[in-house]
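The values are calculated or read from the model by the stated rules, or taken from the named source; none is laboratory data. Only a predicted model underlies this, so the values are computations on that prediction, with no experimental measurement involved. Quick reminder, even Gly has a Cβ in these numbers, built from the backbone with ideal geometry, and neighbours come from all protein chains shown. In case anyone asks, the SASA skips ligands and DNA or RNA and just uses the protein heavy atoms, side chains included. Shrake-Rupley method; radii C 1.70, N 1.55, O 1.52, S 1.80 Å.
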Amino acid sequence: RKNVNGCTNVLTISAQLGLISQVEFFNKSVAAQDVSEYYLLKRNDFAYNKSYSAGYPMGAVKSLRRYQEGIVSPLYICFSANPDIDEHYLEQYFEAGCHNREISKIAQEGARNHGLLNVSVDDFFDIEICIPQLPEQTEIATFLSAVDEKIEKLVRKKNLLLKYKEGVMQRIFHQQIRFKDNNGDHFPDWTEQSLVTLLSEHKTKNSKRQVNEVFSVAKNSGVINQIEHLGRSYAAEDISNYNVVLPNDIIYTKSPTSEF
C-alpha cells in the first residue's frame with residue numbers, strides 16, 4: 001500500500017517501543033525527502049525490519065499500535081493478519097522469535113549491508129510458522145498479553161523511580177542537598193574547575209580501519225553499537241576519519257535528542 005495520500009508520520013522499529021514515529025524516537029525524521037513510495041500502515045498492520053539487532057538476530061516484526069496510520073521505508077516488508085488468524089497471537093509469535101529458524105534458511109550469511117538481511121518479499125511469505133486453531137490462538141494471546149501488562153506496570157514503577165532520581169540529582173549537584181562524613185561533619189565546600197583541568201581530549205582516528213564497529217550515544221544504554229540501538233548503521237561508507245573510542249572514554253554528542 002503506497003503512501004498516495006501524503007501521510008507524513010514516518011515510523012521506525014524500536015525493539016522496546018515497536019513501531020514509533022521517527023520524530024518521537026530520534027527527535028527528527030531520517031526519511032527520504034520524497035516519501036510517496038513509502039508503504040502506508042494502518043493500525044494493527046505488521047512491518048518486518050530486515051535488520052538484525054540485539055534480541056532480534058533475524059530482524060524484528062512489530063505491529064502498529066500507537067497510531068491510526070504511519071509510513072515506513074520500502075525496505076520493510078508489510079502485511080496484515082487474515083480474518084482466521086488472531087493478530088495478537090501472531091504478534092506474540094514473532095516477538096518470541098519463533099520465525100528465526102525459517103528466516104535463517106533464506107537469509108544468506110555475508111549478504112548483510114549495514115545490518116540489512118538479504119530476505120526477499122517472496123521468500124519471507126514462503127516461510128512456515130506453527131498455528132493452532134483460532135480459539136487456542138486467542139487463549140495463548142490473552143495469557144501472554146496479561147504477562148505484558150504486568151511488565152508494563154513494573155516499567156512504569158521503574159520510570160517513576162528514574163524521575164525521582166533525576167530530581168534528586170539536580171538538587172545534589174546544585175548543592176541543595178549536602179552529605180556528611182562518618183563523624184557527622186560537613187564535607188569541605190565544593191570548588192569550580194575548568195574541564196580542561198579534569199579531562200584529557202584525544203582524537204585517535206580510525207585511519208587504518210582497525211575498528212569496524214560504529215557506536216551511537218543513548219540515554220539508557222550509553223555508548224552502544226549503532227545497529228543494536230537503531231536497527232541499522234547510519235555511518236558513512238568511509239569510516240577512516242571516525243574517532244576511535246577506548247574503554248572508559250567519555251563521549252559528548254553535540255546533537256539534541258528527545259532524551260536530552
Scanning the stretch 205-252 residue by residue, the ones that are assigned to a loop (DSSP other than H, G, I, E, B), open to solvent by less than 60 Å² (accessible area, probe 1.4 Å) and not acidic (Asp, Glu) total 10
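Are any residues in the stretch 144-183 part of a loop (DSSP other than H, G, I, E, B), open to solvent by less than 100 Å² (accessible area, probe 1.4 Å) and polar (S, T, N, Q), and if so, which ones?
Listed by number, the list holds a single entry, Gln175.
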In the stretch 25-46, the residues that are small (Gly, Ala, Ser) and either surrounded by 18 or more Cβ atoms within 10 Å (Cβ to Cβ) or under 18 Å from Ile227 (Cα atoms) (or both): Ser29, Ala31
The number of residues in the stretch 1-23 that are among the small types (Gly, Ala, Ser), assigned to a strand (DSSP E or B) and within 9 Å of the chain's Cα centre (by Cα) is 2
Being aliphatic (A, V, I, L, M), over 16 Å from Ile129 (Cβ atoms) and in a strand (DSSP E or B) is the filter here; which residues of the stretch 53-105 pass it? Ile71, Val72
Read through the list (1) farther than 27 Å from Asn100 by Cα; (2) open to solvent by 40 Å² or more (accessible area, probe 1.4 Å), then give the number of the only condition that Asn3 fails. (2)
Report the residue count in the stretch 189-233 for those that are in contact (Cβ under 8 Å) with a residue 40 or more places away in the chain and of a type in the set (Val, Ile, Thr). 2
Checking the conditions here, which among Asp122, Asp189 is open to solvent by 70 Å² or more (accessible area, probe 1.4 Å) and part of a loop (DSSP other than H, G, I, E, B)? Asp189
Output the number of residues of the stretch 48-65 satisfying the condition of being open to solvent by 10 Å² or more (accessible area, probe 1.4 Å) and on the phi > 0 side of the Ramachandran plot. 1
Report, by residue number, each residue of the stretch 132-184 that is touching a helix residue (DSSP H, G or I) at 6+ places or on another chain (Cβ under 9 Å) and more than 24 Å from Ser63 (Cβ to Cβ). Gln176, Ile177, Arg178, Phe179
Being open to solvent by 70 Å² or more (accessible area, probe 1.4 Å) and either farther than 19 Å from Leu144 by Cα or hydroxyl-bearing (Ser, Thr, Tyr) (or both) narrows it down to one residue among Gln22, Gln68, Gln16; which is it? Gln68
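Restricting to the stretch 125-140, and then to whatever is of a type outside the set (S, T, N, Q) and open to solvent by 100 Å² or more (accessible area, probe 1.4 Å), can you tell me which residue is farthest from the chain's Cα centre (by Cα)?
Top of the filtered list is Glu136.
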